[in-house]
1. So the check is Cβ under 9 Å with 6+ separation or different chains; which pairs have a first residue in the stretch 56-72 that's under 14 Å from Asp34 (Cβ atoms) and free of Cβ contacts under 8 Å to residues at least 40 places away in the same chain and a second one that's assigned to a helix (DSSP H, G or I) and among the charged types (D, E, K, R)?
2. Is it fair to say Leu23 is modelled with pLDDT of 95 or more, assigned to a helix (DSSP H, G or I), under 10 Å from the mean Cα position of the chain (by Cα) and of a type in the set (A, V, I, L, M, F, W, C)?
3. Within the stretch 39-74, how many residues turn out to be surrounded by 11 or more Cβ atoms within 10 Å (Cβ to Cβ) and part of a helix (DSSP H, G or I)?
4. Go through (1) under 19 Å from Ser8 (Cβ atoms); (2) part of a helix (DSSP H, G or I) one by one and return the number of the condition Asp32 breaks.
5. With (1) assigned to a strand (DSSP E or B); (2) touching a residue at least 40 places away in the same chain (Cβ under 8 Å) as the list, and Phe12 as the residue in question, which single condition is left unmet?
6. Of the residues in the stretch 18-38, how many are open to solvent by 80 Å² or more (accessible area, probe 1.4 Å) and either within 26 Å of Lys74 (Cα to Cα) or among the acidic types (Asp, Glu) (or both)?
Amino acid sequence: ISLRIDASGQVFWNNTPMPIQALEGMMTTEVDRDPENQPTLEIDVNAKAQYQVLAKVLASAKNADMKKIGFVKK
């Protein structure tokens, strides 16, 4: 799963704009499909994005019990 946070704080789920409030539900759906073989959540954060947005994304991932989380290096 590609998750991008742009400079304005907009979140993109596989290149589709997504309200941050919808993330936890989407993550839970992905985890529930196969809890033992979850997809990897690859987070790409713009350097100018506010930390609070990333914190909300990570909290959503934790609440959804996502285990495979990585960050895209630039």
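1. Taking only residues 6 or more apart or on different chains, the pairs are Met66/Glu30.
2. For Leu23, the condition - modelled with pLDDT of 95 or more, assigned to a helix (DSSP H, G or I), under 10 Å from the mean Cα position of the chain (by Cα) and of a type in the set (A, V, I, L, M, F, W, C) - is met.
3. 10
4. Going through (1) under 19 Å from Ser8 (Cβ atoms); (2) part of a helix (DSSP H, G or I) one by one, Asp32 breaks only (1).
5. All conditions pass for Phe12, except number (2).
6. 2
The values are calculated or read from the model by the stated rules, or taken from the named source; none is laboratory data. Just so it is clear, the model here is predicted, and its values are computed rather than measured. A quick note on method: Cβ atoms are made from the backbone with ideal geometry, for glycine too, and the neighbour counts reach across all protein chains shown. For accessibility, only protein heavy atoms count, side chains too; no ligands or nucleic acids. Shrake-Rupley method; radii C 1.70, N 1.55, O 1.52, S 1.80 Å.
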